[in-house]
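Here is the structure we will look at.
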Amino acid sequence: MIGDVGNNGPSNVSSSATASSYTVKRGDTLASIARAAWGDSNLWYLIADANKLSATR
């Protein structure tokens, strides 16, 4: 799920934005999903934060 990013998200997303969903396809990365959703792959961390994801090694 791509959560409501509120005031920490891209400038074109308002704080009243509702959560949306995205069906992950083979080969997708958080960066590619962020690019598709907001036009900026550098916002991948917002998806990670909204989904309580952490790096694993």
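Computed from the coordinates by the stated procedures, all read-outs in this text should not be read as laboratory data. Not measured: the values here are computed from a predicted model. Please note: Cβ atoms are built from the backbone with ideal geometry, for glycine as well, and neighbour counts cover all protein chains shown.
Residues of region 45-57 that are within 17 Å of Ser21 (Cβ to Cβ) and in a helix (DSSP H, G or I): Leu46, Ile47, Ala48, Asp49, Ala50. Inside region 30-39, residues that are under 14 Å from Asn51 (Cα atoms) and assigned to a loop (DSSP other than H, G, I, E, B) make up a count of 0.
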